[in-house]
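What follows is a short report on a single structure.
The values are calculated or read from the model by the stated rules, or taken from the named source; none is laboratory data. For clarity, every value in this text was computed on a predicted model and none was experimentally measured. Here the Cβ positions follow ideal geometry from the backbone for every residue, glycine too, while neighbour counts run over all protein chains shown.
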Ligand code: ADP
């Protein structure tokens with residue numbers, strides 16, 4: 001009887017072990033697949049602008065071009081090269097974050113000054129696109145954040161809002177703080193994101209419509225980086241969106257400002 005009991009116990013344990021191994025193997029398989037997809041996506045993203053670069057360099061060499069034409073091609077070459085550099089920088093950034101080699105250096109930041117500074121930088125681009133940028137933040141709101149990283153977060157969200165909004169719309173950054181924490185929303189009245197695409201936008205290199213977004217110069221890494229930074233702060237970020245109505249990103253920080 002005792003032996004039977006031991007046998008059953010051993011069988012249970014073996015069963016558990018087998019299930020664990022299966023789970024591990026499934027996970028490894030998935031990781032391998034993710035990595036392969038990631039690598040082929042990156043290769044494509046690097047190859048496309050480099051192919052353009054080569055093509056435009058060949059054209060720019062033609063002897064019969066006017067100076068104006070040549071300058072135009074050189075400007076395109078510069079822009080494409082900048083896109084490649086931006087993609088590589090983002091990749092490095094994410095790799096560092098994956099290795100947890102990034103630390104959050106918190107300091108107390110006055111949010112309205114901080115946001116005003118960022119909005120000044122964006123103002124010319126918004127003016128050019130004929131989109132209004134408004135900041136709604138009370139004067140005395142403080143949070144303890146890594147200012148450099150946080151600037152990256154807000155810049156990425158504003159970049160996207162600008163890229164995916166038509167003229168004559170408004171982009172709003174709004175801050176609310178209470179004892180439970182601080183909420184920052186970035187909302188636009190742009191093209192929105194479909195329900196099908198919404199859960200995937202945080203993935204690396206995910207773009208809703210590849211060809212279209214590539215021409216807007218996005219790397220598809222922006223939101224993956226944004227999410228990592230917010231989570232590094234112990235916060236959360238979520239998104240709500242409706243096609244042709246607009247998109248709102250909501251950041252929640254536990255920091256209620258009582259520091
Ligand atoms: P990208 O560099 O391509 O903009 P992101 O990671 O920043 O990459 O965003 C991923 C995708 O999510 C974008 O390609 C775009 O399709 C969608 N997206 C992000 N922000 C917005 C927005 N404000 N409005 C509409 N679509 C958006």
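Cβ separations smaller than 6 Å between residues 6+ apart or across chains give the following pairs from the stretch 229-241 residues that are closer than 15 Å to residue 200 by Cβ to residues that are in a loop (DSSP other than H, G, I, E, B): 241/192; 241/193. Go through the stretch 143-172 and give me each residue that's farther than 19 Å from residue 225 by Cα and surrounded by 19 or more Cβ atoms within 10 Å (Cβ to Cβ). Within the stretch 143-172, 143, 165, 171 meet the criteria.
Residues that are within 11 Å of the ligand (Cβ to nearest atom) and either within 19 Å of residue 240 (Cβ to Cβ) or modelled with pLDDT under 95 (or both): list the strands (runs of 3 or more DSSP E) wholly contained in the stretch 119-213 that include at least 3 such residues.
On the way: elements: 132-136, 142-145, 170-178, 181-188.
Strands (runs of 3 or more DSSP E) meeting the threshold: 181-188.
Residue-wise test of (1) in contact with a helix residue (DSSP H, G or I) (Cβ under 6 Å, 6 or more places away or on another chain); (2) modelled with pLDDT of 85 or more; (3) closer than 21 Å to residue 228 by Cα.
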{"residue": "1", "(1), (2), (3)": "no, no, no"}
{"residue": "23", "(1), (2), (3)": "no, yes, no"}
{"residue": "47", "(1), (2), (3)": "no, no, no"}
{"residue": "55", "(1), (2), (3)": "no, yes, no"}
{"residue": "68", "(1), (2), (3)": "no, yes, no"}
{"residue": "79", "(1), (2), (3)": "no, yes, no"}
{"residue": "88", "(1), (2), (3)": "no, yes, yes"}
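Screening residue 105 with (1) in a loop (DSSP other than H, G, I, E, B); (2) in contact with a helix residue (DSSP H, G or I) (Cβ under 6 Å, 6 or more places away or on another chain) gives one miss only, at (2).
Taken together, 37, 80, 29 contain a single residue that is surrounded by 15 or more Cβ atoms within 10 Å (Cβ to Cβ) and out of contact with any strand residue (DSSP E or B) (no Cβ under 7 Å at 6 or more places or on another chain), which is 80. Taken over the stretch 214-230, the residue count meeting the criterion of being in contact with a strand residue (DSSP E or B) (Cβ under 8 Å, 6 or more places away or on another chain) and either more than 8 Å from the ligand (Cβ to nearest atom) or at pLDDT below 65 (or both) is 2.
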